[in-house]
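Let me begin by presenting the structure, written as structure tokens, before commenting on it.
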Amino acid sequence: MRLCSLLRSTGRSLLPVNSHVTRSHTCGELRLKDAGSEVILFGWLSFRRLNRFIVIRDSYGSIQATIKDDDEESKSLLSHLPYESIIRVRGRVRDRGEKHRNGKMETGDIEIDVSSLSVVNEARKDMPLLPDAKAHEQTRLTYRYIDLRSPQLQSNLRLRSSVIHSARRFLVEQKGFVDVETPTLFRRTPGGAAEFIVPTRTPAKGLAYSLPQSPQQFKQLLMVGGIDRYFQVARCYRDEGSKLDRQPEFTQLDIEVSFITQDGLLDLLEQVLIATWPEHLNHVKPSAPFPRLSFADAMRDYGVDKPDLRIPWKIEEVKSRTFEKLRRENEDPSWALRCIVARGSGEAMSKARVREWKRLVEMNYQSTNFAVLSKNTKKEGGWFNFVSDEEIEKEFQLGEEDSLLIAWGAPSKVQYTLGQLRGLLGEANGWRKREEFCPLWVVDFPLFERDEEGKLVSCHHPFTAPIQEHEERIEKEEKLNEIRAQHFDLVLNGVELGGGSIRIHNGSMQRKVLEILGEETGEMTHLLEALESGAPPHGGFAFGFDRLISILAGRGDTSYGIRDVIAFPKTKEGRDLMVNTPIEPSREELERYGYEIVKK
């Protein structure tokens, strides 16, 4: 989307950006109605032809300027001036005329007849990057200050600003919320992700803070303190490197409310998302209430707990007697045989693509055997050697444009495999790039789960309350694996936008949960004492703001990475290539804090 169009769609006037500065207009705002006006423009030199026709670009758009035939001084100046130099242009707006209009530029009906041109700041001649040129991501991140000039990043960052501004206005002006900043110097949080530590020498050497994964405990303490409707645009930190949809430091729109139920909270959050929806996407704005799907149903039908509902296919049980012999031949009674009949997907299938999918799925230990059948792949996978074409046709009734994905083995691995294949096939068919937004609540998560070592851990975090019917099981430590949580995730186009829950507000129950998980309650004395001091029932949620903006900027395309909606992102290894961090601390710094580094 063009930048000026975005600014207009978000209700932002172009006029105020020229107050208090030395330009009269931006490069993107002038139109045919301005013909005859005397203007002063500043911008980057982005194109020149014959040292007479130039294009100037600023943060708001581009415009062509024309040097007079007899202005030899300006022509000479332009002849050696590098692109991306900052120039000042004074001149008169004039109509290009019907023959010379440029429909590719928003200012293409006009140009500036230059009366004076001067160089404000000359750029280096060996520019490593031009904003409108394709470049390797490593180069773009190293010279991010140049990359930020590109229309796409300009548009993305202004979209980000507009959405968060709308969220603040809605929460404060329409819902009575209080914006509270919480500390970023905190202490270790039991369970959860790895945290960054921050050494300090006060009150004594050898001590350290932790950077919070989220303001979770602080916002609960605010509820105890009577700030019953809290929100914050919070910076959060996880020492886990970077992923396509997460950075080591990231932004959450954090919300907590007292005296609220799960249904009330979901209704509020739907209103927040709709109220902050950008105007230029109104034609695909979702409507409330959003559909809800239990965790168990999501895993059964889609193989993942964050399904993309734009993809129309579900996982099905293969029930025909034709395949019963395969079940009987397998000694494991829990052995499963399931499939996805992907109608209309055959064109996207190829043997090379199936081999790549097999490699991707096998990268995870949960993968299992699978086979694919379509007109392009024929019988790709050894499983089809055991069944005839007639049996396949009778069971699945495949059309010329259909595909069959089938997997067998342990049920959990079958579900995982088909869930991944569903997403990959949906992406290959263009479903995951559609300009469509399908929000979904996933509810009824288990409270606990087992990790790879068999240890009981929180499915969400240890502050999540169980459903009321299962509270006794916590006290008696009975059927812990079957306890359901008052936890919910908001999924948009197959991306987890955020998670929330109704919290434990009873000190004794919170203490019991920590003991069940094997966590030291001494680490949580402050919270436990607060919950024993008259804590109101409360619940909350955190929108993953970077993820939300990336989906909006990509207009539904889930392959759009969050690095393109963050001003100064890090690589997947967690490095900032522009400033070359992280770096080893100096000996003086280590001595100051009483630390030494031991490399293993």
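Measuring from centroid to centroid over Cα atoms, what is the spacing of segment 12-69 and segment 408-438 in Å?
Cα centroid to Cα centroid, the span is 48 Å.
Could you tell me which trypsin sites (Lys or Arg not before Pro) in segment 51-85 are loop residues by DSSP with no more than 12 other beta carbons within 10 angstrom of their beta carbon?
Values: sites: ARG52, ARG57, LYS68, LYS75; in loops: ARG52, LYS68.
Loop-located and lightly packed - none at all.
Beyond 31 Å between alpha-carbons counts as too far, so tell me which of LYS125/LYS570; LYS175/LYS285; LYS175/LYS314 fall in that bin.
As for pairs spanning more than 31 Å Cα to Cα, those are LYS175/LYS314.
State the percent of C-alpha pairs, over all pairs in segment 174-229, separated by a distance greater than 15 angstrom.
Everything past 15 Å amounts to 57 percent.
If you filter segment 197-286 for trypsin sites (Lys or Arg not before Pro), then keep DSSP loop positions with at most 16 other Cβ within 10 Å, what is left? Don't skip to the end; give the middle numbers.
Numbers: sites: ARG201, LYS205, LYS219, ARG229, ARG235, ARG238, LYS243, ARG246; in loops: ARG201, LYS205, ARG238.
When the trypsin sites (Lys or Arg not before Pro) of segment 197-286 are filtered for loop state and at most 16 Cβ neighbours within 10 Å, ARG201, LYS205 remain.
Per residue of the chain, what 222 nm ellipticity follows from adding -39500 (n - 2.57) for every DSSP H run with n ≥ 4, rounded to the nearest 500? Let's see the in-between values first.
Working: 17 runs with 158 residues, N = 600.
Result for the chain: -7500 deg cm²/dmol, rounded to the nearest 500.
So how exposed is ILE392, as accessible area in Å² (1.4 Å probe, rounded to 10)?
Approximately 10 Å² of ILE392 is accessible to the 1.4 Å probe.
What is the Cα radius of gyration of segment 220-320 over 2.2 N^0.38 Å, N being its residue count?
Taking N as the residue count of segment 220-320, the ratio is 1.43.
FRET efficiency for TYR595 and GLU523, Cβ-Cβ distance as r, R0 = 30 Å, nearest 0.05?
Step by step, r from the Cβ atoms, then E = 0.90.
Starting from the Cα-Cα distance between GLU475 and GLU435, subtract it from 0.36 nm times their residue separation and give me the gain in nm to one decimal.
This chain segment gains 9.6 nm when fully extended.
Between the alpha-carbon centers of segment 248-322 and segment 198-223, tell me the distance in whole angstrom.
32
Could you tell me which residue out of TYR302, VAL257, LEU30 lies farthest along the dipole of the chain toward its positive end? Charges go on the beta carbon: Lys and Arg +1, Asp and Glu -1, centred on the Cα centre.
Positive-end residue among those listed: LEU30.
Taking 7 Å along the Cα-to-C-beta vector as the label spot, tell me the SER559-ARG575 distance in nanometres, rounded to one decimal.
About 2.6 nm separates the two model spin labels.
What is the antiparallel percent of DSSP beta bridges lying wholly in the chain, to the nearest 5?
95
Only loop residues by DSSP count here, and only those with at most 13 other Cβ atoms within 10 Å; note down the chymotrypsin sites (Phe, Trp or Tyr not before Pro) in segment 161-270 that meet that.
Passing sites in segment 161-270 are PHE259.
Using 0.36 nm per residue, how much length does the chain from LEU130 to SER161 gain when fully extended, once their Cα-Cα distance is taken away? The partial results should precede the final answer.
Values: separation 31, 0.36 × 31 = 11.16 nm, distance 2.46 nm.
Extending this stretch completely gives an extra 8.7 nm.
Once you have the alpha carbon radius of gyration of segment 439-524, what is it after dividing by 2.2 N^0.38 Å, with N set to its residue count?
Normalised Rg, Cα atoms only: 1.11.
By a straight-distance test (C-alpha under 16 Å), which aspartates and glutamates pair with LYS572 as possible cross-link partners, with residues fewer than eight away in the same chain excluded?
GLU137, ASP239, GLU240, ASP245, GLU249, ASP546, ASP564
Which listed residue (THR276, ASN102, SER62) has the Cα farthest towards the positive end of the charge dipole for the chain, taking +1 on Lys and Arg C-beta and -1 on Asp and Glu C-beta about the Cα centre?
ASN102
Determine which aspartates and glutamates satisfy two conditions relative to LYS75: a Cα distance under 16 Å, and not lying fewer than 8 residues away in the same chain.
ASP113, GLU122
The values are calculated or read from the model by the stated rules, or taken from the named source; none is laboratory data. The structure presented is a predicted model; accordingly, all values stated were derived computationally and were not measured. As a convention, Cβ positions derive from the backbone with ideal geometry for all residues, glycine included, and neighbour counts pool all protein chains shown. Ligands, DNA and RNA are excluded from the accessible area calculation, which covers all protein heavy atoms including side chains. Shrake-Rupley method; radii C 1.70, N 1.55, O 1.52, S 1.80 Å.
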